[in-house]
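Step one of this worksheet: look at the structure below.
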Amino acid sequence: MADLRVLIVGRQVFAVRITSGLLDWRKDYSALSYDVIDLPRTVEKALLTYLDHYGLRSGSFDLAEDQKGDLWWLELNPNGQWGWLEPHTGLQMAATFAALLAGEIA
């Protein structure tokens, strides 16, 4: 079992699997491991459609992954936290977000 934090900036999707032995991984960040993953195309399309429906250009989605690998929707945070993921994954989240704010990407 694991949790996923999916940051979408414009049309760029950053998906990270967060694994720990904790029920609530936020209790001990030192116990976490991170994996950059590719979402199933149907899930990625659904998340993009969700943002489009509400007129949002960015959002942080939380999903849970069960023991079979099935994904379960938890929530969307329009301004959710993601900054701590970049150093652990090498993903260019901040630069992409800055490009969105600067009008360099749609």
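The values are calculated or read from the model by the stated rules, or taken from the named source; none is laboratory data. Nothing here was measured: the structure is a model prediction, and the numbers come from that model. For neighbour counting, all protein chains shown are included, and Cβ atoms are generated from backbone atoms with ideal geometry for every residue, glycine included.
No other residue among GLN81, GLN67, GLN92 is modelled with pLDDT under 95 and under 27 Å from GLU104 (Cβ atoms) apart from GLN81.
Taken over segment 1-22, the criterion of being under 12 Å from ALA64 (Cβ atoms) and either touching a Lys or Arg at 6+ places or on another chain (Cβ under 7 Å) or part of a loop (DSSP other than H, G, I, E, B) (or both) is satisfied by MET1, ALA2, LEU4, ILE18.
Of the numbered criteria (1) closer than 17 Å to MET1 by Cα; (2) in a strand (DSSP E or B); (3) not small (Gly, Ala, Ser), the one LEU39 fails is (2). Restricting segment 50-64 to residues that are among the hydrophobic types (A, V, I, L, M, F, W, C) and part of a strand (DSSP E or B) leaves a set whose member that is surrounded by the most Cβ atoms within 10 Å (Cβ to Cβ) is PHE61. For first residues located in segment 1-26 and over 16 Å from SER60 (Cα atoms) and touching a residue at least 24 places away in the same chain (Cβ under 8 Å), partners that are surrounded by fewer than 20 Cβ atoms within 10 Å (Cβ to Cβ) and basic (Lys, Arg) and lie 6+ apart or on another chain with Cβ distances below 8 Å form the pairs ALA2/ARG17.
Against the condition under 21 Å from LEU22 (Cα atoms) and either in contact (Cβ under 8 Å) with a residue 12 or more places away in the chain or not in a strand (DSSP E or B) (or both), how does LYS45 come out, does it pass?
no
In segment 72-103, the residue that is nearest to GLU44 (Cα to Cα) out of those that are aliphatic (A, V, I, L, M) and loosely packed, with under 15 Cβ neighbours inside 10 Å is LEU74.
Would you confirm, using the coordinates I've provided, whether ALA64 is in contact with a strand residue (DSSP E or B) (Cβ under 9 Å, 6 or more places away or on another chain), of a type in the set (Gly, Ala, Ser) and closer than 16 Å to LEU32 by Cβ? For ALA64, the condition - in contact with a strand residue (DSSP E or B) (Cβ under 9 Å, 6 or more places away or on another chain), of a type in the set (Gly, Ala, Ser) and closer than 16 Å to LEU32 by Cβ - is met. For segment 1-40, a residue qualifies if it is among the polar types (S, T, N, Q), surrounded by 15 or more Cβ atoms within 10 Å (Cβ to Cβ) and more than 29 Å from ILE105 (Cβ to Cβ), and the qualifying residues are THR19, SER20. Taken together, the criteria place LYS45 among residues that are basic (Lys, Arg) and modelled with pLDDT of 95 or more.
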